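S.K.: This is the structure I want to talk about, given as structure tokens.
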Amino acid sequence: MTPGTAPDADDLRAAFTRFFTERGHAAVPSASLIPHDPSVLFTIAGMVPFKPFFLGDEVPPWPRATTVQKCFRTVDIDVVGTTLRHCTFFEMLGNFSFGDYFKSKAVPYAWELVTEVLAIDGDRLWITVHDSDDETEQIWRDSVGVPAERIQRLGEDNFWKMGDTGPCGPSSEIFFDKGAAYGADGGPAFGGSERFVEIWNLVFMQYNRSADGTTEDLPRPSIDTGAGLERILPVLQGVDSIFATDLFLPMIETAQSMTGHTYGEDERVDVGLRILADHGRAMSMLVSDGVLPANEGRGYVLRRIIRRAVRRARQLGVDGPCTPRLVDAAVGTLGAAYPAMAEQHRLITDVVAREEEGFLRTLATGSNILDEQLASGVESVSGEVAFRLHDTYGFPVELTVEIAEEAGLTVDLEGFEAAMDHQRNQARAAARAGNAMAGEQAYRSVLDLEGQTVFVGQQPGGYSAPARVVAVLTDLDPDHAGQAEIFLDRTPFYAESGGQMGDTGTIVTETGSALVYDTASALPGLTSHRAALTGEVFAGQDALATIDGQRRDALRRNHTGTHLLHAALRSVLGDQVRQQGSLVAPDRLRFDFSHHGGVTAEQLAKVSAMANADVLTDAEVVVEETSKAQAEAMGALAFFGDKYGERVRVVRAGPHSVELCGGTHVAALGMIGPITVVSESSIGSNTRRLEAVTGMGAIERIAVRDGLLAEAAALLRTEPEHIPEAIDRLLERQRAAEKALEQARGREMQAEAASLVAAAEQGVVVARRDGLAADLLRELAQSVRNAGGLRAVVLGGCPDGERAALAVAADRSGVHAAGGVQVHAGELVKRVAPLLGGGGGGSPEVAVAGGKDPSGIDRALDEARRALVGD
């Protein structure tokens, strides 16, 4: 960060990332706000993308990592604006250790970054630890030097768990004391919540909790750090609110410009301006990450955010559109850090502007009805009115509640839910009675008049077939001129089903042709060929329907390969494995399956070996139709996503696989070629995903890997089969070199300590030693003190040419060879730290300081010398 200026958000992101990459952490880009973990709606913390690593479901590609992760939490939506510190979208600074380092490194890392890199005054920091965590308190007190009176014990607030079972452990937090003007003293445990602000949370994942509540030690304890960017910035910039930082101030200024109000003129106005600032950022980032307004799930949260902002803008006097200007400000603030957001600026604006326009129509109608209800003198808005607003006018019930509460009324939510349940029951009954939508009516008409489509593409070579066009629908999608859905009496085109993608190809008649880009089931038994038309294709014409044969062959290989992998997984992992989903594409296959734990490399190798062994048998793939009962007696397994009648199709592929399946398959297993597993990972609780390639895709992958292996062997000057031994030798040499370096450093440290002891004056050593990191400087000071029976040792220096560091070690035993008074290390550091342009603190025995002004090192040492031995 730039000396002499208040750091901005970019500075903080860069300083945090640089600090941990310099200490061996991989800098991992932020994941999306839409998580892969289905158990959470949004990415709510920095650890969410790494959850499979912490659970042991996947092997992390790095032992330690650092991120600046985009996060969104719905729990704070209603609180935002009423405080100076809550927001919905935020950025979580994090450093993570996946079984690499633990408390003894994580705690000093945190303190060093906060007090030395960020130069936050250590005397204004408080620490909390869990009631049971003696080890962490000792590290804070003895290794870091935080006074015992500023370390507090908390209960469940300092214990983190991923769920009722699984990894868990104590946590330790750093709080910043904003001062007496913000609340009562007493530290985080007893003081004011606005006064003591959490800026750092260390989670020590060291236990595994079982279903019965007992815990056992994890074999590889891990670290999960969460430090809120928005919480730290006010401390660095000397302001008392996140809304006064460079992340929010442009948003506040835009809100002021739109509304004509000034921030600070009235608390009600201030709440509204803060809501606009926060929601503007949140809606922009959500849309940027792929969330669109909807009536459920993530889309509903986005819709609620947009509508709350629009309504608040109206309350503050805004007549025209407000969301585009909020998006502009948000992109201007965050676009440099997240380039994808800047690239999608126009899309974001279009999405939120359309939502605002639609909501304003809803708001105008719904508000009139609600105003009549409120003016009638009732004490509560009835459930029937709330339901009518929701069902007829699209007025969200949360908005009804919010408006009612502002008028001092309640809403009959039980009555609302009863009306909703009644509507759902009516909808189910209507569906059972066969009420159809307009599109389905057109399809139904074709099916009733012409009958089912006969599929003639199962047999190898069935790539082309004469057919009759029975219907062409061109008006179902007016936005796509020149495109149509074509229906034939018979077809070689396979309609997408059971995970297998639909065929592509051509349909040619005397007057025109159609390029089929997708094939789907419009209704059971009715195949729709979705195509781009050239010329004219109309009902009654004879046609030649031809699929893309190479693409179909690739689909066959991958579909049968999926069956073999399913059978192999059940054989290796157990019969509890069940398919949960699949994708059979021309270039790859994807297979989702249920399994209670991770899959080891050895197990995955067995699965691959078994599937490929089946391929080598070149066994015939036998397909037969039989009754469902007979198929079950044969042990046939149902594939996920397929629907079965009384007559079913059984596919027997080699000695292990018997499946119910309507898809296309190879005639013999040898036609699949090699099967190569590309990846295996967790996609949710007890759900795994395997991806693989077959045929030429597998051969090409093998060729690429062989090339990489040969390149690695050449670099190691060995043969490919001897690469592991060569790497072992290289690692052994590295370990030997590191050990020798450590020993040399130890000898150098001892010699340096002896030299400094010899130069002691009146039981005190004050010296400058540049080039030593802060932890080494502290270690040297303690070594000098312990070796010479000295009162105090003060060492200062410039570790890297940009920052200043100072360490004090004092002897408090009361007996000194050179006499003199006792020295309080913490008080001495506090006295000289301002000369370094920073802050510091510690215990009476050990204290450290850091700052951004290396030119002040000599002045700080001179001041320490005067304090200890006089002029």
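S.K.: Quick one: in the range 501-519, which of the residues that are outside any strand (DSSP E or B) and open to solvent by 20 Å² or more (accessible area, probe 1.4 Å) is nearest to H559 (Cα to Cα)? Step through it out loud before you land on a result.
M.R.: Taking the range 501-519 as the starting set, the residues that turn out to be outside any strand (DSSP E or B) are 501-504, 509-511.
Subset that is open to solvent by 20 Å² or more (accessible area, probe 1.4 Å): 501, 504, 510-511.
Values: M501: 10, T504: 16, E510: 35, T511: 36 Å.
Filtering first and then ranking leaves M501.
Okay, residues lined up against (1) modelled with pLDDT of 90 or more; (2) open to solvent by 30 Å² or more (accessible area, probe 1.4 Å):
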site	(1), (2)
V577	no, no
H596	no, yes
T600	yes, yes
M610	yes, yes
A613	yes, yes
E620	yes, yes
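S.K.: Pull up the range 189-216, narrow it to residues that are acidic (D, E) and outside any loop (DSSP other than H, G, I, E, B), then point me to the one that is most open to solvent (accessible area, probe 1.4 Å).
M.R.: So in the range 189-216, the residues acidic (D, E) come out as 194, 198, 212, 216.
Filter once more, keeping what is outside any loop (DSSP other than H, G, I, E, B): 198, 216.
Working: E198: 56, E216: 110 Å².
Once the filter is applied, the top-ranked residue is E216.
S.K.: Could we say that Y463 is open to solvent by 40 Å² or more (accessible area, probe 1.4 Å) and closer than 28 Å to I675 by Cβ here? Explain how you work it out, then say what you get.
M.R.: Numbers: open to solvent by 40 Å² or more (accessible area, probe 1.4 Å): yes; closer than 28 Å to I675 by Cβ: yes.
Yes; evaluated as a whole, the condition is true for this residue.
S.K.: While we're here: In the range 117-131, what residues are open to solvent by less than 20 Å² (accessible area, probe 1.4 Å), within 20 Å of L806 (Cβ to Cβ) and touching a Lys or Arg at 6+ places or on another chain (Cβ under 8 Å)? Full working, then the answer.
M.R.: At the first step, the residues of the range 117-131 found to be open to solvent by less than 20 Å² (accessible area, probe 1.4 Å) are 118, 120, 122, 125, 127-129.
Filter again for within 20 Å of L806 (Cβ to Cβ), leaving 118, 120, 122, 125.
Once the filter is applied, which keeps residues that are open to solvent by less than 20 Å² (accessible area, probe 1.4 Å), within 20 Å of L806 (Cβ to Cβ) and touching a Lys or Arg at 6+ places or on another chain (Cβ under 8 Å), the range 117-131 yields only L125.
S.K.: Among the residues of the range 23-68, count how many are of a type in the set (D, E, K, R) and either open to solvent by 40 Å² or more (accessible area, probe 1.4 Å) or under 15 Å from the mean Cα position of the chain (by Cα) (or both). Break it down into steps so the answer makes sense when it comes.
M.R.: Within the range 23-68, the first condition is being of a type in the set (D, E, K, R), and the residues that meet it are 23, 37, 51, 57-58, 64.
When the remaining residues are screened for being either open to solvent by 40 Å² or more (accessible area, probe 1.4 Å) or under 15 Å from the mean Cα position of the chain (by Cα) (or both), the result is 23, 37, 51, 58.
So the answer is 4.
S.K.: For a quick check of your reading of the model, give me the residue pairs whose first member lies in the range 125-151 and is closer than 21 Å to R195 by Cβ, whose second is assigned to a strand (DSSP E or B) and basic (K, R), with beta-carbon atoms closer than 7 Å and at least 6 apart or on different chains.
M.R.: V129/R153
S.K.: Right, next: Give me a count of the residues in the range 62-84 that are closer than 28 Å to P339 by Cβ, at pLDDT below 90 and not in a helix (DSSP H, G or I). Can you show your working first?
M.R.: Pass one, the range 62-84, residues closer than 28 Å to P339 by Cβ: 62, 64-74, 76-77, 80.
Of the ones still in play, those that are also at pLDDT below 90 are 74, 76-77.
Checking the rest, the ones that are also not in a helix (DSSP H, G or I) come to 77.
Of the residues in the range 62-84, 1 are closer than 28 Å to P339 by Cβ, at pLDDT below 90 and not in a helix (DSSP H, G or I).
Residue-wise test of (1) among the β-branched types (V, I, T); (2) without any contact (Cβ under 8 Å) to a residue 12 or more places away in the chain; (3) open to solvent by less than 10 Å² (accessible area, probe 1.4 Å); (4) part of a loop (DSSP other than H, G, I, E, B).
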position	(1), (2), (3), (4)
L218	no, no, no, no
A227	no, no, yes, no
L247	no, no, yes, yes
M251	no, no, yes, no
H261	no, no, no, yes
V271	yes, no, no, no
R274	no, no, yes, no
D278	no, no, yes, no
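S.K.: Looking only at the range 132-154, count every residue that is open to solvent by 50 Å² or more (accessible area, probe 1.4 Å) and not aliphatic (A, V, I, L, M) and tell me the total.
M.R.: Taking the range 132-154 first, the residues open to solvent by 50 Å² or more (accessible area, probe 1.4 Å) are 132, 134-135, 138, 141-143, 148-149, 153.
Still in the running and not aliphatic (A, V, I, L, M): 132, 134-135, 138, 141-143, 149, 153.
Residues that pass the stated criteria total 9.
S.K.: May I ask you to list the residues in the range 546-559 that are out of contact with any helix residue (DSSP H, G or I) (no Cβ under 6 Å at 6 or more places or on another chain), part of a helix (DSSP H, G or I) and buried (at least 19 other Cβ atoms within 10 Å of the Cβ)? Walk me through it before giving the result.
M.R.: Taking the range 546-559 and keeping what is out of contact with any helix residue (DSSP H, G or I) (no Cβ under 6 Å at 6 or more places or on another chain), we get 546-556, 558-559.
Filter again for part of a helix (DSSP H, G or I), leaving 549-556, 558-559.
Correct list: R552, A554, L555, R556, N558, H559.
Okay, residues lined up against (1) open to solvent by 60 Å² or more (accessible area, probe 1.4 Å); (2) touching a helix residue (DSSP H, G or I) at 6+ places or on another chain (Cβ under 7 Å); (3) free of Cβ contacts under 8 Å to residues at least 60 places away in the same chain:
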residue	(1), (2), (3)
G499	no, no, no
S521	yes, no, yes
L526	no, yes, no
R530	yes, no, yes
L544	yes, no, no
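S.K.: Are any residues in the range 647-664 in contact with a helix residue (DSSP H, G or I) (Cβ under 9 Å, 6 or more places away or on another chain) and assigned to a strand (DSSP E or B), and if so, which ones?
M.R.: Answer for the range 647-664, where residues must be in contact with a helix residue (DSSP H, G or I) (Cβ under 9 Å, 6 or more places away or on another chain) and assigned to a strand (DSSP E or B): R647, V648, R649, V650, V651, A653, S657, V658, E659, L660.
S.K.: Would you pick out the residues in the range 694-715 that are in a helix (DSSP H, G or I) and open to solvent by less than 50 Å² (accessible area, probe 1.4 Å)?
M.R.: Kept after step one, since they are in a helix (DSSP H, G or I), are these residues of the range 694-715: 695-715.
Residues satisfying the conditions are G695, G697, A698, G707, A712, A713.
S.K.: Right, something else. Name the pairs whose Cβ atoms lie under 7 Å apart, with the first residue in the range 743-758 and among the acidic types (D, E), the second surrounded by 12 or more Cβ atoms within 10 Å (Cβ to Cβ) and at pLDDT 85 or above, and 6 or more positions between them or separate chains?
M.R.: Close Cβ pairs satisfying both conditions: E752/L780.
S.K.: Sticking with this one: Quick check on my filter: what residues within the range 677-688 are farther than 11 Å from L589 by Cβ, in contact with a strand residue (DSSP E or B) (Cβ under 7 Å, 6 or more places away or on another chain) and assigned to a strand (DSSP E or B)?
M.R.: Within the range 677-688, the subset farther than 11 Å from L589 by Cβ is 679-688.
Those left that are additionally in contact with a strand residue (DSSP E or B) (Cβ under 7 Å, 6 or more places away or on another chain): 679-683, 686-688.
Result: S679, E680, S681, S682, I683, T687, R688.
S.K.: When you go through T259, T323 one by one, which is the residue that is of a type in the set (S, T, Y) and out of contact with any helix residue (DSSP H, G or I) (no Cβ under 6 Å at 6 or more places or on another chain)?
M.R.: Values: T323 fails: out of contact with any helix residue (DSSP H, G or I) (no Cβ under 6 Å at 6 or more places or on another chain).
Result of the check over T259, T323: T259.
S.K.: Do you know which of the residues in the range 316-365 that are modelled with pLDDT under 90 and not in a helix (DSSP H, G or I) is nearest to the chain's Cα centre (by Cα)?
M.R.: Across the range 316-365, the extreme among qualifying residues is Q344.
S.K.: If you take the residues of the range 718-740 that are among the basic types (K, R) and modelled with pLDDT of 90 or more, which of them is surrounded by the most Cβ atoms within 10 Å (Cβ to Cβ)? Please lay out each step first, then the result.
M.R.: Let us first name the residues in the range 718-740 that are among the basic types (K, R), namely 729, 733, 735, 739.
Right, trim to modelled with pLDDT of 90 or more and you get 729, 733, 735.
Working: R729: 13, R733: 10, R735: 10.
Of everything passing the filter in the range 718-740, R729 is surrounded by the most Cβ atoms within 10 Å (Cβ to Cβ).
The values are calculated or read from the model by the stated rules, or taken from the named source; none is laboratory data. Everything numeric in this text was worked out from a predicted model, so none of it was measured. Here the Cβ is made from the backbone with ideal geometry for all residues, glycine too, and neighbour counts use every protein chain on show. Note: areas computed on protein heavy atoms with side chains; ligands, DNA, RNA excluded. Shrake-Rupley method; radii C 1.70, N 1.55, O 1.52, S 1.80 Å.
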